[in-house]
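In what follows, a structure is listed as structure tokens, so that the remarks can point back to it.
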Amino acid sequence: GAVVSQHPSWVICKSGTSVKIECRSLDFQATTMFWYRQFPKQSLMLMATSNEGSKATYEQGVEKDKFLINHASLTLSTLTVTSAHPEDSSFYICSARDQVGQFFGPGTRLTVL
Amino acid sequence: RKEVEQDPGPFNVPEGATVAFNCTYSNSASQSFFWYRQDCRKEPKLLMSVYSSGNEDGRFTAQLNRASQYISLLIRDSKLSDSATYLCVVGPTGTASKLTFGTGTRLQVTL
């Protein structure tokens, strides 16, 4: 299957800091990438759909000004958590889809102190 | 009602056992169905797609019943390495479609 990388794999930061997470499709071009968040013992929840060259589409209840998404190229999407707070601590996972299915990056574990 | 419902488990089974997981979905317009596997603190990995005719991949068999909006996964001859959370995933058609995840069923295979 397709390979999706994500960086960093984990982040610990102070409250109020902004954190940037990168998602790359390594062996294919992805016009659309997805950003998910998963809290402990809960299912993955879609945050937003990232579209190359245009604005992201956010799910209901997700603040677009807090979670900034940039999809500047066909292989890179970034998620910036602005002014992070402890309640933003979670497992953030990106994914991209090829003709076979949807594949996930290894995730970024964010801990906000 | 949740869009995708699964029994959270855990299912504790001995090595070699056969175990089945079930999943129901609420959106009758759904067209794509998958089982993903997620290990603790890791990302989900695609296990198999699910087709109306049913499909098999080694020890794993997936079935779809559109009339009942029900999906199943059967694992035969369980291995210790099968221990994980199995996610039922449903989506519409399209190459950029949004997927809806169940909360997962935890499987623990023991000696």
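The values are calculated or read from the model by the stated rules, or taken from the named source; none is laboratory data. Bear in mind the structure is a predicted one, so any value in this text is a computation, not a measurement. Neighbour counts run over all protein chains shown; Cβ positions are idealised from the backbone, glycine included.
Only one of these is part of a loop (DSSP other than H, G, I, E, B), acidic (D, E) and either crowded, with 22+ Cβ neighbours inside 10 Å or in contact with a Ser or Thr (Cβ under 8 Å, 6 or more places away or on another chain) (or both): A:D65, A:D27. Name it.
Exactly one residue qualifies, and that residue is A:D65.
Here are the criteria: (1) at pLDDT 90 or above; (2) in a loop (DSSP other than H, G, I, E, B); (3) touching an Asp or Glu at 6+ places or on another chain (Cβ under 7 Å). Tell me which single one A:L110 does not satisfy.
Here A:L110 meets the rest and fails (2).
Of all residues in segment B:71-100, which are of a type in the set (D, E, K, R) and at pLDDT below 90?
Of everything in segment B:71-100, just one residue is of a type in the set (D, E, K, R) and at pLDDT below 90, namely B:K98.
Given the conditions (1) within 14 Å of chain A (Cβ to nearest Cβ); (2) touching a Pro at 6+ places or on another chain (Cβ under 8 Å); (3) not charged (D, E, K, R), report the number of the one that B:A62 does not fulfil.
Evaluating B:A62 over (1) within 14 Å of chain A (Cβ to nearest Cβ); (2) touching a Pro at 6+ places or on another chain (Cβ under 8 Å); (3) not charged (D, E, K, R) leaves (2) as the failure.
Look through segment B:42-59, keep the residues that are assigned to a loop (DSSP other than H, G, I, E, B) and surrounded by 12 or more Cβ atoms within 10 Å (Cβ to Cβ), and return whichever of them is farthest from the chain's Cα centre (by Cα).
It comes out as B:K42.
From the list A:T17, A:T32, exactly one residue is in contact with a Lys or Arg (Cβ under 7 Å, 6 or more places away or on another chain) and either on the phi < 0 side of the Ramachandran plot or surrounded by fewer than 16 Cβ atoms within 10 Å (Cβ to Cβ) (or both). Which is it?
Values: A:T17 fails: in contact with a Lys or Arg (Cβ under 7 Å, 6 or more places away or on another chain).
Being in contact with a Lys or Arg (Cβ under 7 Å, 6 or more places away or on another chain) and either on the phi < 0 side of the Ramachandran plot or surrounded by fewer than 16 Cβ atoms within 10 Å (Cβ to Cβ) (or both) holds for just one of A:T17, A:T32, which is A:T32.
What number of residues in segment A:63-95 are within 14 Å of another protein chain (Cβ to nearest Cβ) and either under 21 Å from B:C40 (Cα atoms) or of a type in the set (S, T, Y) (or both)?
The qualifying residues number 8.
Could you list, in sequence order, all residues of segment A:7-38 that are within 11 Å of chain B (Cβ to nearest Cβ) and under 16 Å from A:T111 (Cβ atoms)?
Listed by number, the residues that qualify are A:S9, A:W10, A:Q38.
Given the conditions (1) part of a strand (DSSP E or B); (2) β-branched (V, I, T); (3) at pLDDT below 95, and given that B:T103 satisfies all but one, which numbered condition is not satisfied?
It is condition (1) that B:T103 fails.
Across segment A:8-50, what is the total count of residues that are of a type in the set (D, E) and over 20 Å from A:Q99 (Cα atoms)?
Step one: filter segment A:8-50 for residues of a type in the set (D, E), giving A:22, A:27.
Filter once more, so that each one left must be over 20 Å from A:Q99 (Cα atoms): A:22.
Of the residues in that region, 1 qualify.
Pull up segment A:66-113, narrow it to residues that are basic (K, R) and touching a residue at least 60 places away in the same chain (Cβ under 8 Å), then point me to the one that is farthest from B:G91 (Cα to Cα). Spell out how you get there, then give the answer.
Of the residues in segment A:66-113, the ones basic (K, R) are A:66, A:97, A:109.
Imposing the further condition that a residue be touching a residue at least 60 places away in the same chain (Cβ under 8 Å) reduces the set to A:97, A:109.
Details: A:R97: 13, A:R109: 26 Å.
Among those residues, the one meeting the criterion is A:R109.
Filter segment B:70-84 for residues that are touching a residue at least 40 places away in the same chain (Cβ under 8 Å) and charged (D, E, K, R); which is surrounded by the most Cβ atoms within 10 Å (Cβ to Cβ)? Don't jump to the end; show me each part of the working.
We begin by selecting, within segment B:70-84, every residue touching a residue at least 40 places away in the same chain (Cβ under 8 Å); these are B:70-80, B:84.
Among the residues that remain, those that are also charged (D, E, K, R) are: B:76-77, B:79.
Values: B:R76: 14, B:D77: 11, B:K79: 11.
Across segment B:70-84, the extreme among qualifying residues is B:R76.
Give segment A:44-62 a look and list any residue that's surrounded by fewer than 22 Cβ atoms within 10 Å (Cβ to Cβ), in a loop (DSSP other than H, G, I, E, B) and facing chain B (nearest Cβ under 9 Å), or say none.
Hit for segment A:44-62 is A:E59, nothing else.
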